[in-house]
Amino acid sequence: MKELTRAEEEIMQVLWKLERGFVRDILEQLPEPKPAYNTVSTIVRILETKGFVGHEAFGKSHQYYPLVPKDKYKSDFLKSFMSGYFGGSFEKLVSFFAKDNNLDVKELDQLMQHVRKDISSEEKEENNGTNS
């Protein structure tokens, strides 16, 4: 999956929130200072070319909607980030954040509890899916 520029990602965040919207709807959701209407329109068309956005025509207007789910983009982005900066190692990623952010043992323990809970939930879902 192609990576997005900061401006493209900002537009996608709005579209994921709105689910569907015209350029003016997207523009209304953007923070100040707002870009020009034509700038937003151009970015949306670029996102469409990249396969992130689709549209439905209403006369001369187009209503845009995300083609890539937010969770899919987030997952692919984080995998790419981890691969590029940490050699794909979750251990190196956690170690970096632990050192750089001065995490204490209690915070690391809480993180591990969340990870265990998420893994347990995923395993239960997988087991329920195979037993159906």
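Structure values in brief
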item	result
Cα-centre dipole for the chain with unit charges at Cβ (Lys and Arg positive, Asp and Glu negative), debye to 20	380 debye
Helix 37-49 axis, angle to the chain major axis (alpha carbon atoms, nearest 10°)	60 degrees
For the chain, with +1 on Lys and Arg beta carbons and -1 on Asp and Glu, the positive-most of Tyr65, Val40, Ser95 along the dipole	Val40
Residue-averaged 222 nm ellipticity for the chain, from DSSP H runs of 4+ at -39500 (n - 2.57), nearest 500	-21500 deg cm²/dmol
Ordering of 69-81, 36-48 by burial proxy (mean other Cβ atoms within 10 Å per residue, highest first)	36-48, 69-81
If the convex hull is drawn through the Cα atoms of the chain, its volume per residue in Å³	168 Å³
Diffusion coefficient, µm² s⁻¹, Stokes-Einstein with Kirkwood Rh over alpha-carbon pairs of the range 6-66 at 20 °C and 1.002 mPa s	190 µm²/s
The chain: relative contact order as a whole-number percent, Cα under 8 Å and 6+ apart	19 percent
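No value in this document is a laboratory result; all are computed from the given coordinates. Here the structure is a predicted model, which means the values were calculated and not measured. Using ideal geometry, Cβ is built from the backbone for each residue, glycine included, and neighbour counts are taken over all protein chains shown.
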